[in-house]
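Read the figures in this text as sums done on the coordinates, not as results from a lab. Everything numeric in this text was worked out from a predicted model, so none of it was measured. Quick reminder, even Gly has a Cβ in these numbers, built from the backbone with ideal geometry, and neighbours come from all protein chains shown.
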Amino acid sequence: MRTSHPYEETPDLATVWLRVFLEVARHGSFTVAARTLGWTQSAVSRQISSLESALDGGPLFDRLPRGVALTEAGRALLPYAETVADALRGAARELADLREAAGGRLRFGAFATADAALVPQALAAFRARHPGVRVTREEGLSPALLDRLTTGHLDLAVVSTTGRAPLESYELHHLLDEALYVAVPAGHPLAAADAPVRLGRLADADWIAGSPRPEGTLLAAAVRQGFRPRVAHVVGEWTAKQGYVAAGLGVTLVPALAAASVRPDVALVPVCAEDAPPRAVYAASARGRSLTPAARAFVAALREAAAALPA
């Protein structure tokens, strides 16, 4: 069975020994080193003796009538002690940066419509406050982003309650509740509606959707109202969906976060909340994992951005 060296068993004490060793080597005097450290001379002498015993390499200093001088063993130890001290100072600086979100990294993801206004505004504010943080961003559907959280590839994910994402398995930081609109061509009879529309009025319409099946999409609200939308065109990107709507090829559901970017030849009509309740938008993190200071700061920026968005 391997026996640990005393030096390996006492890492905190070893750090103290090296600090005392460097002070004595720097000043060539136990007395001056003790004054610098705020210790007694006898305490400094005991620490050096303990280090010499632990290393078992003989004396580190020759005790002279006036001060001390490094022995050959002391000169051999000096560069290693300086390297350890430099590494500890570097670690302390990096940890301080992490505490203040002045350094480190932030890896986050967001679903597409959150990238229309919410995320860019939050990210701009975050970068202005924390320019030293390295930021990487992904875009995807909420379930996929949550999987990335689980595997540790993301620190934070901006997700919504659309789909079959198991939100109860994550720590959720509520950002906003997002209403739904139906996008129709500007000349559509509903374009001038002055009240929220019931989804049932569009049961016979052609729909533009990101999937041929409504389950797990915004159109799941229609299924809950008793009809399956007729998906005439499967289009994934929001700008392209608007083009299809403007051309009279169908209608589509638009979440409030994407409303500001709707083109002028498309009209947005609010959907009755009874038919399609507002969906919640969260910043999600993996349960059981501590949020990094950078992630906490980004959640705060997201909440500020959410509060500043038009109602």
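Points to keep in mind about this one:
- In region 175-249, GluC sites (Glu not before Pro) in a DSSP loop with at most 15 other beta-carbon atoms within 10 Å: 215, 237
- Between 0 and 90°, nearest 10: helix 118-129 axis offset from the chain longest Cα axis: 30 degrees
- Under-5 Å amide H pairs with residue 182, H placed in peptide plane, nonlocal only: 254, 269, 271
- Based on DSSP H segments of at least four residues, each scored -39500 (n - 2.57), the chain has a per-residue ellipticity at 222 nm of -12500 deg cm²/dmol.
- Structure-derived Rg and Dmax of the Cα atoms in Å: which label, when the choices are (i) 19.5, 61; (ii) 32.6, 151; (iii) 31.9, 104: (iii)
- Here the residues 118, 13, ranked from fewest to most Cβ neighbours within 10 Å of their Cβ, fall in the order 13, 118.
- With respect to the chain, whose longest principal axis is taken over its alpha-carbon atoms, helix 41-55 is tilted by about 80°.
- Ordering of 17-24, 57-64, 205-212 by packing is 17-24, 205-212, 57-64, highest average first (other Cβ atoms within 10 Å, averaged per residue).
- Among 227-233, 260-266, 141-147, the order from most to least packed when residues are scored by Cβ within 10 Å on average: 141-147, 227-233, 260-266
- For region 238-311, applying the loop criterion from DSSP together with a ceiling of 15 other beta carbons within 10 Å to the trypsin sites (Lys or Arg not before Pro) yields 287, 289.
- Qualifying trypsin sites (Lys or Arg not before Pro) for region 140-218 [loop in DSSP, other Cβ within 10 Å: at most 12]: 164
- Rounded to 10°, Cα long-axis angle of helix 72-99 versus longest principal axis of the chain: 30 degrees
- Normalised by 2.2 N^0.38 Å, where N is the number of residues, the alpha-carbon radius of gyration of region 6-99 equals 1.11.
- Remark on residue 61: its backbone amide H falls under 5 Å from those of 71, a criterion applied only to residues 5 or more positions apart or on other chains, H modelled at 1.01 Å from N.
- Between residue 154 and 149, the built amide H atoms are under 5 Å apart, and every one of these is 5 or more places off in sequence or on another chain.
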